[in-house]
Amino acid sequence: MSEITMNDYTQFLLDVHTGHPGLTEQSIGAARTPRGLSSYEAFCSFVDPKPGMTVVDLACGNGPLCEVLAQRVGEHGQVIGIDLSNAELAQAAKRLHHFSHIRLLNESAQKLSIPDASVDAVLCHMAFMLFTPLKPAVDEIARVLKSEGTFAAVIPTLRKP
């Protein structure tokens, strides 16, 4: 990681995902809503991306949300999956190879290579609370979003939904 130094916590998370790519989907993604939707499908329904949009999936892991988003934005839209783990991105690349409108980037949420004000939505499924330090990630999200853009994140809670 360039200007952002990797702390022990971030290194631990990276090691876990390198050793167990797909872990988030295998655990959290296995749950279903009463209507049978995965959390990725339910999240996408809540955000409701439209055809032609450009959407970023921060900490995309092995690509389950990217896959749902790609279907929603269609071939005239674009999905950009971001993850620190090369192992996760390798699985995502295999999973998503048939989508020409998905780009996968190995980079940090704290330093994105995406141009200013160029995306319609930034989504983050079960990872936002893990970004350290958080402020640079929030600043980057604000920088890449268009003025009417949307940010949404799924985070854990101990309360009933």
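The values are calculated or read from the model by the stated rules, or taken from the named source; none is laboratory data. All of these numbers come straight from a predicted model, not from anything done at the bench. We place every Cβ from the backbone using ideal geometry, glycine too, and count neighbours over all the protein chains shown. Ligands, DNA and RNA are excluded from the accessible area calculation, which covers all protein heavy atoms including side chains. Shrake-Rupley method; radii C 1.70, N 1.55, O 1.52, S 1.80 Å.
With an a/c value of 1.5 or above and a/b not larger than b/c for the gyration tensor axes a ≥ b ≥ c computed over the alpha-carbon atoms, the stretch 91-161 is described as oblate. What is the sum of charges around Leu65, taking Lys and Arg as +1, Asp and Glu as -1, for the other residues whose C-beta is under 10 Å from the C-beta of Leu65? Residues near Leu65 contribute -4 overall. Centre-to-centre separation between the Cα atoms of the stretch 127-156 and those of the stretch 70-101: 19 Å. To put it simply, the accessible area of the stretch 68-121 at a 1.4 Å probe is 49 percent carbon and sulfur. Modelled this way, with points 7 Å down the Cα-to-C-beta line, the labels at Met129 and Leu105 are 2.7 nm from one another.
The mean accessible area for residues of the stretch 65-132, using a 1.4 Å probe and ignoring ligands and nucleic acids, is 43 Å² per residue. Its Cα centre serving as origin, the stretch 59-161 has a Cβ charge dipole (Lys and Arg +1, Asp and Glu -1) of approximately 300 debye.
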